[in-house]
Amino acid sequence: MAKEKKVEQITDMEQDFAQWYTDICLKAELVEYSSVKGFTILRPYGYAIWEHIQRIMDGEFKKTGHENVAMPVLIPESLLKKEGELVQGFAPEVAWVTMGGGEKLEERLAFRPTSETMFCDHWSRVLHSWRELPMLYNQWCSVVRWEKTTRPFLRSREFWWQEGHTIHETAEEAQKETEQQLNCYADFCENVLAMPVVKGQKTEKEKFAGAEATYAIECMMKDHKALQSATSHYFGDKFSRAYGVTFAGRDNSLQYPFQTSWGSTTRLIGAVIMTHGDNNGLVLPPQIAPIQVIVVPVAQHKPGVLEGAQDLCDRLQKAGLRAKLDQSDNSLGWKCAQYEMKGVPLRVEIGPRDLENGQCVLVRRNDGEKTVVKLEEAETAARVQLEAVHAALYQKAKQNLEEHIYAAYSLEEAKQLQQEKGGFIKTMWCGDEACELQMKEQAGMSSRCMPLRQEHLSDVCPICGKPAKTMVYWGVAY
RNA sequence: CCGGGCUUAGCGAAGUUUGGUAUCGCGCCUGGUUUGGGACCAGGAGACCGUGGGUUCAAGUCCCGCAGCCCGGACCA
């Protein structure tokens, strides 16, 4: 028995977390590797998860007045080069198109690694007056960055994302937008993905190339490594100036608008896998699960069972749940294992005995808890159980996060805590990049963020002993 | 990009040392019996052995190049 199971089995996360992750990506049929390194195929089940993320997040963006647009995938080199810092930051990982129709191009074209330049170029032509501001744009697309080491969802050479780009009349307004979108991501992670986050600002070293300030949400995975799950940048008028984006102000003077950009990617799916998954496979938060309820008939050849199961499934669908009936002739055990592996949050079992008693059995994916409910109450009961799954996932993830944040008061202590416990190590910091590099060299950790919710741990930087300015969370990141 | 390992059917492997035209399990297809936690029987299909060159009468096997995957390190959503 044990031997036959081998093929479908998923490596235990305690034994090899990286392999566990890869197993889930492949065996839950989220992705397939393509023939070009670092380019992955999102399979129907994986893409459906992304579609739910898109649908819900897009709705949130629209609530605050954002509009979707589509920008070209290719950027002329001369255009990309106009903003020095951005080019420097991205140069090592830009892919270039040098030929077109068999002829060498006059100017090479970059595959967009991000679209600030295209938005600025566009705005430089269409913006005229303060009355047209703000412009609140977003686009859903894929971008290309020539990464050296690649992993599905976490780091690939092409990835799917949304990038919001906005311009505003005043700095204050743009700063407010930056903050609003950071909060939007944090709320999305908590309310939809059941992932608690740490909101914070990136250090100078870690911030986005060309930004004046970068904010991010950091999540903690089950192996206690950190994963940056979304970012929000404030640009000031730096790009406006570089690209000549101007408008006539209220006093008729020529002004530069203030700009933001913010993004989140299919990496969120990787975050979900490593936040909620277990040794039986994927565990999906109900709101983004392609199948929320799987109806499994028991002894389906017996009279009335299949009909009863179909009936129940129809009713769940009518109630607005994404329900599916599996009437294949695979065994019950196979079906249970299969949908557990695919992370379906709720399973409903219905067999001859249930039909006799006018009931069905609801089984939660996250903890295997079974609840017997009356058939006529199935819709409500399913909804209640799905909410319970979300709440339990969030609680467990929150506990994982909170239990793995440690304060350190010396470099040695920080190093030791990281080695023994992992997670986020919080210390005070003087603000010098030299100390950041020290931490990386000595303790193997990079600064994750300066949390918006600051604490005063001590007066000095534990690395150099100089007066401390802020508290920083350090960690090993994906 | 640097170091190590790997690549044989959809998946997992044997065969490579000692060259002779590919084997097994799972999965898949057909029929039947089954179904309260990965069922069973019978029959069947499926592989130019990652790719390009070389050595040889003969290459999955030996030699050289390249690509891809995995694990570390340096770089980044």
Considering (1) of a type in the set (Val, Ile, Thr); (2) under 20 Å from A:Val389 (Cβ atoms); (3) surrounded by 18 or more Cβ atoms within 10 Å (Cβ to Cβ); (4) within 12 Å of RNA strand B (Cβ to nearest atom), say which one A:Val293 fails and leave the rest. (4)
Using beta carbons and a limit of 7 Å, which pairs, at least six apart or on different chains, have the first residue in segment A:351-378 and on the phi > 0 side of the Ramachandran plot and the second one crowded, with 17+ Cβ neighbours inside 10 Å? A:Gly358/A:Leu375
Quick check on segment A:262-272. Is at least one of its residues surrounded by fewer than 24 Cβ atoms within 10 Å (Cβ to Cβ), within 10 Å of RNA strand B (Cβ to nearest atom) and in a loop (DSSP other than H, G, I, E, B)? no
Would it be correct to say that A:Tyr478 is free of Cβ contacts under 8 Å to residues at least 40 places away in the same chain and either more than 16 Å from RNA strand B (Cβ to nearest atom) or closer than 28 Å to A:Gln180 by Cα (or both)? no
What's the total number of residues in segment A:58-71 that are surrounded by 13 or more Cβ atoms within 10 Å (Cβ to Cβ) and either out of contact with any Cys (no Cβ under 8 Å at 6 or more places or on another chain) or not aliphatic (A, V, I, L, M) (or both)? 7
If the Cβ limit is 6 Å and pairs must be 6+ apart or interchain, which residue in segment A:115-139 that is more than 14 Å from A:Ala174 (Cβ to Cβ) pairs with which residue that is in a helix (DSSP H, G or I) and of a type outside the set (Phe, Trp, Tyr)? A:Thr117/A:Leu79; A:Thr117/A:Leu80; A:Asp121/A:Leu79
Which of the residues spanning segment A:447-475 are basic (Lys, Arg) and in contact (Cβ under 8 Å) with a residue 40 or more places away in the chain? A:Arg448, A:Arg453, A:Lys469
Whichever residue in segment A:76-113 is part of a loop (DSSP other than H, G, I, E, B) and within 14 Å of RNA strand B (Cβ to nearest atom) and, among such residues, is surrounded by the most Cβ atoms within 10 Å (Cβ to Cβ): A:Arg112
The conditions are (1) under 28 Å from A:Glu29 (Cβ atoms); (2) more than 13 Å from RNA strand B (Cβ to nearest atom); (3) of a type outside the set (Phe, Trp, Tyr), and A:Lys374 fails exactly one of them. Which is it? (1)
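For the condition among the aliphatic types (A, V, I, L, M), in contact with a Gly (Cβ under 7 Å, 6 or more places away or on another chain) and within 12 Å of RNA strand B (Cβ to nearest atom), what is the one hit in A:Leu306, A:Leu346, A:Leu355? Even if it seems obvious, please write down each step before you answer.
Details: A:Leu306 fails: in contact with a Gly (Cβ under 7 Å, 6 or more places away or on another chain); A:Leu346 fails: in contact with a Gly (Cβ under 7 Å, 6 or more places away or on another chain).
Answer to the selection: A:Leu355.
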Pairs, first surrounded by fewer than 24 Cβ atoms within 10 Å (Cβ to Cβ) in segment A:174-188, second among the aliphatic types (A, V, I, L, M), C-beta under 6 Å, six or more apart: A:Ala186/A:Val197; A:Ala186/A:Ile217; A:Phe188/A:Met57
Find the residue count for segment A:421-457, including only residues that are over 21 Å from A:Thr214 (Cα atoms) and touching a Ser or Thr at 6+ places or on another chain (Cβ under 9 Å). 1
Considering (1) in contact with a Gly (Cβ under 9 Å, 6 or more places away or on another chain); (2) surrounded by fewer than 18 Cβ atoms within 10 Å (Cβ to Cβ); (3) closer than 22 Å to A:Thr231 by Cβ; (4) not small (Gly, Ala, Ser), say which one A:Lys440 fails and leave the rest. (1)
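Could you please give the count of residues in segment A:278-287 that are away from RNA strand B (no atom under 11 Å from the Cβ) and crowded, with 23+ Cβ neighbours inside 10 Å? Working first, answer last.
From segment A:278-287, those away from RNA strand B (no atom under 11 Å from the Cβ) are A:278, A:282-287; that's our starting set.
When the remaining residues are screened for being crowded, with 23+ Cβ neighbours inside 10 Å, the result is A:282-286.
The qualifying residues number 5.
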Could you go through segment A:51-74 and let me know if any residue there is among the β-branched types (Val, Ile, Thr), within 29 Å of A:Trp262 (Cβ to Cβ) and within 12 Å of RNA strand B (Cβ to nearest atom). no
Can you pull out every residue in segment A:143-169 that is in contact (Cβ under 8 Å) with a residue 60 or more places away in the chain, within 14 Å of RNA strand B (Cβ to nearest atom) and not aromatic (Phe, Trp, Tyr)? A:Glu147, A:Thr150, A:Arg151, A:Pro152, A:Leu154, A:Arg155, A:Ser156, A:Arg157, A:Glu158, A:Gln162, A:Glu163, A:Gly164
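Here are some residues: A:Ala319, A:Ala299. Which one is among the hydrophobic types (A, V, I, L, M, F, W, C) and on the phi > 0 side of the Ramachandran plot? Give the derivation first.
On the way: A:Ala319 fails: on the phi > 0 side of the Ramachandran plot.
Exactly one of A:Ala319, A:Ala299 is among the hydrophobic types (A, V, I, L, M, F, W, C) and on the phi > 0 side of the Ramachandran plot, namely A:Ala299.
Can you tell me how many residues in segment A:212-230 are near RNA strand B (Cβ under 9 Å from one of its atoms) and in contact (Cβ under 8 Å) with a residue 40 or more places away in the chain?
As a first pass, look at segment A:212-230 and keep what is near RNA strand B (Cβ under 9 Å from one of its atoms): A:214, A:216, A:227-230.
Those still in the list that are in contact (Cβ under 8 Å) with a residue 40 or more places away in the chain too: A:216, A:227-230.
The total comes to 5.
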In segment A:415-437, anything among the polar types (S, T, N, Q), assigned to a helix (DSSP H, G or I) and either surrounded by 13 or more Cβ atoms within 10 Å (Cβ to Cβ) or on the phi > 0 side of the Ramachandran plot (or both) is listed as A:Gln416, A:Gln418
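Quick note: the coordinates plus some simple rules give every number you see, no bench work behind them. A quick note: this is a predicted structure, and the numbers were derived from the prediction, not measured. Quick reminder, even Gly has a Cβ in these numbers, built from the backbone with ideal geometry, and neighbours come from all protein chains shown.
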